[in-house]
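Enquirer: Quick one: structure below, then a few questions.
The values are calculated or read from the model by the stated rules, or taken from the named source; none is laboratory data. Worth saying up front: this structure is predicted, and the values here are computed from it rather than measured. Quick reminder, even Gly has a Cβ in these numbers, built from the backbone with ideal geometry, and neighbours come from all protein chains shown. Ligands, DNA and RNA are stripped out before the accessible areas are found, and what is left, the full protein with its side chains, is counted by its heavy atoms. Shrake-Rupley method; radii C 1.70, N 1.55, O 1.52, S 1.80 Å.
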Amino acid sequence: MAKCFGGSSAVQPGSGKQKIVLKVEMDDIKKRSKVLKNIVCWHGVYSVALEGNENNKVAVVGEGIDPVSLIQKLRNEMGDVQLISVTAVQEKKT
């Protein structure tokens, strides 16, 4: 079972929906699985996807996520984590 580390302190009320792209060193499937499971458990996360040619970037879409807190927790669990970008996600009009 995955150890979730997302707490209420990581939520930024009113920050809107955003996409956070992180570069994480994931040498094997086990580390990749651990990273994805930990991020999915984070409060406010809607989706997580692998990006990049080597699948070494993780795109996190959610609302109210504090990128600094997320990175600090991942660094404690996984080691080297780099913030690539944080962008606002526009709501699709139907």
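Enquirer: Does K17 count as at pLDDT 90 or above, open to solvent by 30 Å² or more (accessible area, probe 1.4 Å), farther than 18 Å from A88 by Cα and of a type in the set (D, E, K, R)?
Expert: No, not satisfied.
Enquirer: In region 67-86, which residue that is farther than 14 Å from E51 by Cβ and among the polar types (S, T, N, Q) is surrounded by the fewest Cβ atoms within 10 Å (Cβ to Cβ)?
Expert: Restricting to residues being farther than 14 Å from E51 by Cβ and among the polar types (S, T, N, Q), the top hit is N76.
Enquirer: Please give the number of the condition V60 fails out of (1) closer than 12 Å to V21 by Cα; (2) open to solvent by 40 Å² or more (accessible area, probe 1.4 Å).
Expert: Exception for V60: condition (2).
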